[in-house]
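The values are calculated or read from the model by the stated rules, or taken from the named source; none is laboratory data. Quick caveat, the model's predicted, so the values are computed rather than measured. Cβ atoms come from the backbone with ideal geometry, glycine included; neighbour counts cover every protein chain shown.
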Amino acid sequence: MAAKFAMDVAIQKAERQGVAAVGVVQLHHIGRVGEYAEMAAARGLVSLIAASGFAEEAARCAPYGGRGRVLDTNPLAMGFPAGSEPPMMFDYATTAVSGVKVALARDRCESLPPGCVIDKDGNPTTDPHDFFAGGAYLPFGGHKGYAIMMAVEFLGRILTGSDAFVDPDWQSTWRRRAEQGVTSPEDLDWVTGVVWDEEGHQAVGRAGFHAAPDANGMLEVGYAIDPVHRRRGFARATLAAMLDRARTTSGVRRVVASVSPDNQASLGLIAQFGFLRTGEQWDEEDGLEWVFEVPVA
């Protein structure tokens, strides 16, 4: 669903501006990547889809000349419209063989073609069991295929900044908010997003409200800045921006924040914005929290 939405956004932007680039992070398997190229071709647009990064729990492909698992299958798709004729399409993994074919060969007790996988010691093998015993896929086409695999890695992982979302401390938040978007789509415009450093061109934290304003005009705020980016004003600027949004939104009357009694930095920060303590609560993940609120209307 997220990948289709991203392609819809890319198509709309390209139709308005002539060219567009859209990145999506925190995904798992998105199906056949050629499907998204077909969507663009149907609207008369050329497209390139690069899928890489941390979509899988662990890497499965060795770099050219190496033996450790560093990359993944890194599929690539391109589509070129051809008027009334069917579009020209490319859709393939940049490994010599797909993961499905390796699993099928194992299940059918068949050998793989040479050059597809290596064993855990980096030795060439045609036995699919060697892959599942710690081996790795190989790039197609030797060093030339590996270069294309790396291009996909840069497009789909490095340039999107997806590494910033791999921190285990972030994953539960993104998973919870993704589920919330399905069950309560009205919250999507309010819940946690990325705190972005414009000068450094990098994600430095996450922030947002827990949900849309409730019937009583209450919003609950939350934010977290990565330790390496703290004491640079990001938390202050983020909280100020969220309070400004609350104040300019019709019907919002107060903003609530829950903070651990041990978090002296956050306690000091919210005090500067006029938050007053109103109670306490127990959070299953974070334990005891003090509850504060500030009027915004």
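Below, the figures for the structure above:
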quantity: Where a residue in segment 178-201 is part of a loop (DSSP other than H, G, I, E, B) and its partner, wherever it lies, is surrounded by 14 or more Cβ atoms within 10 Å (Cβ to Cβ) and at pLDDT below 85, with Cβ under 7 Å and at least six apart; calculated: 188/181; 191/177; 191/180; 192/173; 192/177
quantity: Residue in segment 108-125 that is closer than 13 Å to residue 136 by Cα, outside the structural domain of residue 144 (by TED's automatic domain parsing) and of a type in the set (Ser, Thr, Tyr) present; calculated: yes
quantity: Selected residue (criterion: farthest from residue 227 (Cα to Cα)) from residues of segment 253-262 that are surrounded by fewer than 16 Cβ atoms within 10 Å (Cβ to Cβ) and either touching an Asp or Glu at 6+ places or on another chain (Cβ under 9 Å) or of a type in the set (Phe, Trp, Tyr) (or both); calculated: 261
quantity: Some residue of segment 196-209 being charged (D, E, K, R) and surrounded by 19 or more Cβ atoms within 10 Å (Cβ to Cβ); calculated: yes
quantity: Considering residues of segment 103-155 that are more than 29 Å from the chain's Cα centre (by Cα) and in a helix (DSSP H, G or I) only, the residue nearest to residue 26 (Cα to Cα); calculated: 104
quantity: Some residue of segment 221-232 being among the aromatic types (Phe, Trp, Tyr), free of Cβ contacts under 8 Å to residues at least 40 places away in the same chain and either closer than 18 Å to residue 295 by Cβ or touching a His at 6+ places or on another chain (Cβ under 8 Å) (or both); calculated: no
quantity: Residues (small (Gly, Ala, Ser) and in contact with a helix residue (DSSP H, G or I) (Cβ under 7 Å, 6 or more places away or on another chain)) located in segment 208-252; calculated: 211, 212, 235
quantity: Residue match in segment 142-153 (condition: modelled with pLDDT of 95 or more and in contact with a helix residue (DSSP H, G or I) (Cβ under 6 Å, 6 or more places away or on another chain)); calculated: no
quantity: So residue 6, is it in contact with a strand residue (DSSP E or B) (Cβ under 6 Å, 6 or more places away or on another chain), in a helix (DSSP H, G or I), hydrophobic (A, V, I, L, M, F, W, C) and closer than 29 Å to residue 100 by Cβ; calculated: no
quantity: Residues located in segment 224-240, provided they are buried (at least 20 other Cβ atoms within 10 Å of the Cβ) and either out of contact with any Gly (no Cβ under 6 Å at 6 or more places or on another chain) or acidic (Asp, Glu) (or both); calculated: 235, 238, 239
quantity: All positions within segment 33-67 that are closer than 30 Å to residue 130 by Cα and either at pLDDT below 90 or touching a Ser or Thr at 6+ places or on another chain (Cβ under 9 Å) (or both); calculated: 51, 52, 53, 54, 55, 56, 57, 58, 59, 60, 61, 67
quantity: Residue satisfying condition, being free of Cβ contacts under 8 Å to residues at least 60 places away in the same chain, of a type outside the set (Gly, Ala, Ser) and not in a loop (DSSP other than H, G, I, E, B), within set 32, 16; calculated: 16
quantity: First in segment 105-128 and farther than 22 Å from residue 94 by Cβ, second anywhere and at pLDDT 95 or above and surrounded by 12 or more Cβ atoms within 10 Å (Cβ to Cβ), Cβ under 6 Å, 6 or more apart; calculated: 111/126
quantity: Filter result for the condition that a residue is hydroxyl-bearing (Ser, Thr, Tyr), touching a Gly at 6+ places or on another chain (Cβ under 7 Å) and farther than 16 Å from residue 150 by Cβ, over 47, 52; calculated: 47
quantity: Residue within segment 156-166 that is under 14 Å from the mean Cα position of the chain (by Cα), exposed (fewer than 13 other Cβ atoms within 10 Å of the Cβ), farther than 21 Å from residue 235 by Cα and modelled with pLDDT of 80 or more present; calculated: yes
quantity: Out of 268, 274, sole residue that is small (Gly, Ala, Ser) and part of a loop (DSSP other than H, G, I, E, B); calculated: 274
